[in-house]
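For reference, the structure discussed in these notes is given below.
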Amino acid sequence: MKKFLLLSLIFVSFVLFACDREIVKKEKEARTYFDKKQFSKVIEMIEPIKPSRRGPRLSLILGKSYGELMEFNKANLIFNTIAKRYPSYKDSLITVYLLLAKKFEKRKRNDIAVKSYNAILSLEGEYNIGDGFYTMGHYYYALNNVEKAREFFEKGIENITNANILKKARSELMSLYESLGMYKKAVDVSDGDSSTDILYKKGEIEYKLAKELFSRESFDSALVYCQDIIVINTPKTLIDDAYFLSGEIYSSIGDYKSALASYKKVIRLDMYRNTPIASLAKERIKALNAD
């Protein structure tokens, strides 16, 4: 009986050893095909092997092959199985997801890139996906999911390192805040960015904010934003408006000398075009001089 058990153990050990050698061989061949970008060959070779026998390395190659062929859902199912069975492979999976996300972005498939980034955040909720925060924010903003878009844009402006992508993230977050009537937060996002596009958007929003503050009789704060538009000198189409609103503010607080100076500046900027705002400025000057 003992001899039979011993022979059985030897036989099982031999079978397992042979299986392991076969898996190692398959893994080597699969890597060769993968390196040659023969992803369909990889899939054809690995798929017939039972998932329980593949092990994490062979499964990872299979998932990456599906990812390279843009079949993310199949790849993700495999990666999820690896994550559950082999927790120590979490870092490897994050690396793969990141690489795939970048590939999807290059191929203009941000819809799949977003799935890949979401998979990373499912594995590690606070993981810094860097420039990917813009991809996520832009995707959800286009879907009108303001809450998610805001979350990713806000993380983006803290973590994005690419200057051009950071500028786009700032610009779109400013637009998002503007759409929500959060003008002060929109202006704050522009801090530290002196690019033409950001300054232009900043000036537009500052004017809206100045008008809102003026209507609430927060005259000092409203004047600060009017003056900032004048200092940054953009948008040029709003400079005369900023001067006129400054005149209205000065008039409201009884500083008529400064109000006159502001209204006169509006007229000088008009350059004989007789715009409605210049006509209003002339009326204000006439009224102040009459007093």
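The values are calculated or read from the model by the stated rules, or taken from the named source; none is laboratory data. These numbers were taken from a predicted model, which means no experiment stands behind them. Cβ coordinates were reconstructed from backbone atoms using ideal geometry, including for glycine residues, and neighbour counts include every protein chain displayed.
Computed values, structure above
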item	result
So Tyr225, is it part of a loop (DSSP other than H, G, I, E, B) and either modelled with pLDDT under 95 or within 23 Å of Met182 (Cβ to Cβ) (or both)	no
Test: residue in segment 55-67 that is more than 17 Å from Thr95 (Cα to Cα) and buried (at least 19 other Cβ atoms within 10 Å of the Cβ)	no
Cβ-Cβ under 9 Å pairs, at least 6 apart or on other chains, segment 120-135 side in contact (Cβ under 8 Å) with a residue 12 or more places away in the chain and under 10 Å from Gly156 (Cβ atoms), far side among the hydroxyl-bearing types (Ser, Thr, Tyr) and assigned to a loop (DSSP other than H, G, I, E, B)	Gly130/Thr161; Asp131/Thr161
Residue match in segment 250-258 (condition: part of a helix (DSSP H, G or I) and aliphatic (A, V, I, L, M))	no
Extreme residue, surrounded by the fewest Cβ atoms within 10 Å (Cβ to Cβ), among residues of segment 113-147 that are of a type in the set (Val, Ile, Thr) and in contact with a Leu (Cβ under 8 Å, 6 or more places away or on another chain)	Val146
Any hit, segment 193-202, residues being of a type in the set (Gly, Ala, Ser) and either over 30 Å from the mean Cα position of the chain (by Cα) or buried (at least 19 other Cβ atoms within 10 Å of the Cβ) (or both)	no
Subset of segment 148-191 that is of a type in the set (Ser, Thr, Tyr) and under 14 Å from the mean Cα position of the chain (by Cα) - its residue that is surrounded by the most Cβ atoms within 10 Å (Cβ to Cβ)	Ser171
Whichever residue in segment 272-286 is in a helix (DSSP H, G or I) and not small (Gly, Ala, Ser) and, among such residues, is surrounded by the most Cβ atoms within 10 Å (Cβ to Cβ)	Arg284
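Yes or no, residue by residue, for (1) touching a Ser or Thr at 6+ places or on another chain (Cβ under 7 Å); (2) within 21 Å of Val96 (Cα to Cα); (3) of a type in the set (Lys, Arg):
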position: Asn110; (1), (2), (3): yes, yes, no
position: Ala119; (1), (2), (3): no, yes, no
position: Leu123; (1), (2), (3): no, yes, no
position: Glu126; (1), (2), (3): no, yes, no
position: Phe133; (1), (2), (3): no, yes, no
position: Lys148; (1), (2), (3): no, no, yes
position: Glu154; (1), (2), (3): no, no, no
